[in-house]
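Notes follow once the structure below has been shown.
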Amino acid sequence: MTVQPKIAIRDFSFYYGSHQAIQSINLDIYANEIFSLFGPANSGTTTLLRALNRLSDLVPKARTEGQILIDGQNIHDEDVIVTELRRRVGMVFEEPVPLPMSIFDNIAYGPRMRGVRNKAVLAERVEESLKLAVLWDEVKDRLHTSALRLSGGQQQRLCIARILSLGPEIMLLDRPCAALDPISTAKIEDSLVLLKEKVTIVLIPHNTQQAIRVADRAGFMLMGEMVEQGPAERLFTVPEDNRTSDYITGRFG
Amino acid sequence: MRLNPKTTQALAKAVIWGSALLVIVLLLFILLFVLIKGVPTLSWQFLTENPRDMGRSGGIFSTIVSTILVTLVSVAIATPFGVGTALYLTEFTREGLATRIIRFSADTLAAIPSIVYGLFGFIFFVINLNMGWSILSGGLTMAMMILPTIIRTSEEAILAIHPLYREVSFSLGGTKMQTILGAVLPSALRGIMTGVILSIGRCVAETAAVILTAGSSLRLPESVFSPARTMAVHFYILVREGISMERAYGTAAALIILILIINVGANMLINRFVAKNH
Amino acid sequence: MKRLLDRLPGFIFLLVALSALSALALIIVFIFYEGIPIIAKIGLGQFTLGMSWAPGKGEFGILPMIIGTVSVTLGAAVLGVPVAILTSVFLTEFAPAAVSRIVRPAIQLLAGIPSVVYGFWGLTFIVPYIRLWIGGPGLSVLAGSVILAIMILPTVISITEVSLLALPRTYKEGSLAIGATQWQTVWSVQLPAARSGIMAAVILGIGRAVGETMAVIMVLGNAVALPESILDPARTLTTNIGIEMGYASGDHQQALFATGIVLLVIVMSLNSIAQATLKRSQR
């Protein structure tokens, strides 16, 4: 019996106008795993990530071919409500982007847009999300102070908590620790390992060491093509494709 | 006569510092002139009593009320249109023919002399729309005058927000309007308010456009349809007709103090917003 | 249906954004509508080049006012632009941070002073001293030029500053690196490089001076005759409207609107030239 993938990408191509950024990719990502998409700059990893929550819709002249199926449903279907999709599939960006409001308001932002008004419910969600993001203990006494005063690592965990308050099924992280020190990075990596019990995680690491540390499965992309994919341990030790081993050993970057 | 570079540097430096000093001196000269001659007239009574005998005696209360009302009307009308226009330019469209036309219109409006606004306001609001000389006519005319400023400063403020704020809001499932109301506007609020406050100062100081549209009645205005005389207009009339130099100075001092409060208040507000969010 | 609803906010905002265009269109339409008949009646040449403004006799020649506007504006530029440029250079190159923190708000404040206060100050200080020390009745083109020079300072300073700050730092650094003094760098490298922006600043300042009314009314003397020297009183296009609009009617009022047309044409032309110059400077 084969397990249905959480995310199924079938013959997917992405075009910015006439430039083809992603070349007919096929990929399966399973529920409750950490999947790492990696590759050199401009390989299409960010583009693919952003296609998963259709943030790519915001780019003018964006065009897609093929399918992305989440739980079997094509996310480009006519009756898919994009705003709903984005609540199910949350995203953390490369730099921590706290909104200019209090910690509480940051985390309550998503639920409030959804229509949640009940103060008790909001408070509960905020606490829960902060605990899952391993930030609660550090900020529980100053929930109503400005989020801009947090350190870089704390801000990024805030961004993680912000998504979690919507109860997503999938989390997309684009080089989340690129701007952070090693200690903050470790904290976030630990929280991701804990979080995968609840969500499916697709991560673009800022270096291959991070992927080696946290990923269950991984996929190597080069110039828009999915070169190789499979269990992380195998991919990073005995990759099948030369290009993969060249990249991992640093022959090119 | 060739001077060596060191000499020209010293000379130039002196002249340049002198020029800056001149600007400061002129400012102080004008401010102190008005304040020194006018503050003695400023008393609680002066500010809360209505003018009597065509302004020969009494205070300036009705003019203060008129100034506030005209300013209020004009800001209340111009701000939604100005901010809305800025939002259109930044959120709903890319640079193209439409944006060029809008910007050209705004820039041109900014260049039109206030007396021409007065002529327009008179023929359009006062006569054609039959609003008569009134706070409404004056306010609407002034709204057109301050519209370009609000558009420009709002657009600048909106463009200055963190480029990822919008993305964050969208990625949390926000619609365009939710993003504008929840992320864009709150972040740009400080800059937008600066523009609004600048415009308040402009309304308070304006004379030519107001005298032709709001009239010069000294009575306390009863509604936005009443004619009204603002402080600046009152000052002008007192001086032109030689009615009462003492009260003219008093009015001017009150005007200057109001403008100083607006300027200082604006700067303080900006700094407090900065402090709160950082 | 959903598609339509999605596009609704954009459509509403577009309508709002057309407010600026509508306002401009309204102004142009109504001013022209009121003023064209009199120009048609007496002829454009007779109107703009006619030497005699005597509403009582039905004569509406605005040449004296045009000359008045031109002389006062030119005077303002001659007096004000050098001070403005030097002050901009001060702010960008010579001023320590603490001093800029005082000078910049001061210039902002200068811009906020009501024009009637400027006029009154001019009446009290500039006019008598011109009369005393230089000659003439004091109420003169010279007095108007001085007041306007001060009033256009904020405009010219701010745009000149922006133009100077927009220059690549390498211009200045390159010059200093070969041993030029600060002033030599300013004079030979920075100011010439910012030429377009400075020109735009000056044109916008001139536009501001052309449009000013209240300050000028009080110090210009308002004689409806051609000023023959800068010590003579005069009228400008704006002050003519300002003084007579209170009691004009019929043809007279229309002639004032026609003067408004002339003003609109002048400032719109100046503004377009300035904007084009600014765009060129940004390349």
Spacing of the two label points (7 Å from each Cα toward its C-beta) at C:Lys279 and A:Ser151, in nm: 5.1 nm
q = 0.12, 0.14 Å⁻¹: log10 I(q)/I(0) that the Debye formula gives for chain A, counting C-alpha atoms only: -0.70, -0.95
Amide hydrogen neighbours beyond the local backbone of A:Leu37, cut-off 5 Å, H modeled: A:Leu203, A:Ile204, A:Gly219
For the range B:151-199 versus the range A:105-171, the gap between their alpha-carbon centres in whole angstrom: 22 Å
Karplus (6.51, -1.76, 1.60) ³J(HN,Hα), θ = phi - 60°, over the range C:232-247, in Hz, Gly and Pro reported as x: 7, x, 7, 10, 9, 4, 6, 5, 4, 4, x, 6, 9, 4, x, 10
FRET E, pair C:Leu74, B:Asp53, Förster distance 56 Å, beta-carbon r, rounded to 0.05: 0.80
Proximal charge balance of B:Ala228 [Cβ under 12 Å; K/R count +1, D/E count -1]: +1
Per-bin percent of Cα-Cα distances, the range A:135-253 [5 Å]: 2, 10, 19, 20, 17, 14, 8, 5, 3, 1, 0
DSSP-loop GluC sites (Glu not before Pro) across the range C:182-283, with at most 14 other Cβ within 10 angstrom: C:Glu228
Inter-label distance for A:Arg10 and A:Glu65, nm, one decimal - labels placed 7 Å from Cα along Cα-to-Cβ: 1.6 nm
Dipole of the range C:1-130 [Lys/Arg +1, Asp/Glu -1 at C-beta], most positive-end residue of C:Ile126, C:Leu79, C:Ser115: C:Ser115
Distance between the range C:90-168 and the range A:181-238 - C-alpha centres, whole angstrom: 64 Å
Cα centre as origin, Lys/Arg/Asp/Glu Cβ charges: the range B:66-217 dipole, Debye: 100 debye
Interchain or long-range residues, amide H under 5 Å from A:Thr200's placed H: A:Asn32, A:Ile170, A:Met171
Trypsin sites (Lys or Arg not before Pro) restricted to DSSP loop in the range B:81-125 with at most 10 other C-beta within 10 Å: B:Arg94
Reachable aspartates and glutamates from A:Lys140, criterion Cα separation under 17 angstrom, eight or more residues apart if same chain: A:Asp105, A:Glu124, A:Glu127, A:Glu128
For the range C:59-281, convex hull volume per residue from C-alpha positions, Å³: 130 Å³
Where labels lie 7 Å past Cα in the beta-carbon direction, separation of A:Gln209 and A:Val121 in nm: 4.5 nm
Under DSSP loop assignment and at most 10 Cβ neighbours within 10 Å, longest GluC sites (Glu not before Pro)-free interval of chain B: B:96-221
Expected 222 nm ellipticity per residue - DSSP helices of 4 or more, -39500 (n - 2.57), all of the protein assembly as shown, to 500: -19000 deg cm²/dmol
Pairs beyond 23 Å (Cα-Cα), from A:Lys6/B:Lys176; A:Lys6/A:Lys196; A:Lys119/A:Lys187: A:Lys6/B:Lys176; A:Lys119/A:Lys187
Where chymotrypsin sites (Phe, Trp or Tyr not before Pro) fall in DSSP loop in the range B:162-256, at most 14 other Cβ within 10 Å: B:Phe225
Antiparallel bridge percentage (DSSP; both residues within the protein assembly as shown; nearest 5): 60 percent
Rounded if a/c under 1.5, otherwise prolate or oblate - the protein assembly as shown, Cα gyration tensor axes: prolate
Under Karplus coefficients 6.51, -1.76 and 1.60, residue-wise ³J(HN,Hα) of the range B:88-100 in Hz, glycine/proline x: 4, 5, 8, 9, 10, 7, 9, 4, x, 4, 4, 5, 5
Residues whose placed amide H lies under 5 Å from that of C:Asn222, excluding near-sequence neighbours: C:Ala234
Sequence-distant lysines (8 or more away, or on other chains) whose Cα lies within less than 30 Å of C:Lys279: A:Lys61, C:Lys172
Residues of the range C:12-53 with amide N under 19 Å of the 7 Å Cα→Cβ point at A:Val82: C:12-14
Under Karplus coefficients 6.51, -1.76 and 1.60, residue-wise ³J(HN,Hα) of the range A:76-88 in Hz, glycine/proline x: 9, 4, 4, 8, 7, 8, 4, 4, 5, 4, 5, 6, 7
Exposed GluC sites (Glu not before Pro) absent - longest run of chain A, DSSP non-H/G/I/E/B, at most 13 other C-beta within 10 Å: A:79-196
Selection from A:Ala178, A:Asn106, C:Gln182 lying farthest towards where the dipole of the protein assembly as shown points positive, charges on Cβ: C:Gln182
Neighbourhood charge, 12 Å Cβ-Cβ cut-off, centred on C:Thr69 and excluding it, Lys, Arg +1 and Asp, Glu -1: 0
All-pairs Cα distance distribution in the range B:157-198, expressed in whole percent, bin size 5 Å: 5, 27, 28, 21, 10, 6, 3, 0
Cα Rg, Dmax (largest Cα-Cα span) when computed across the range B:61-230, Å: 18.0, 58
Chain B: relative contact order as a whole-number percent, Cα under 8 Å and 6+ apart: 28 percent
Among A:Thr244, A:Leu194, A:Gly90 - extreme Cα towards positive end, dipole of chain A, charges at beta-carbon: A:Gly90
Cα centroid separation, the range A:41-60 to the range C:16-89 (Å): 56 Å
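We did not get these values from a lab; they are worked out from the coordinates using the rules stated. What you see is a predicted model; the values in this text were computed from it and never measured. All Cβ positions, even for glycine, are placed from backbone atoms using ideal geometry, and neighbour counts span all protein chains on display.
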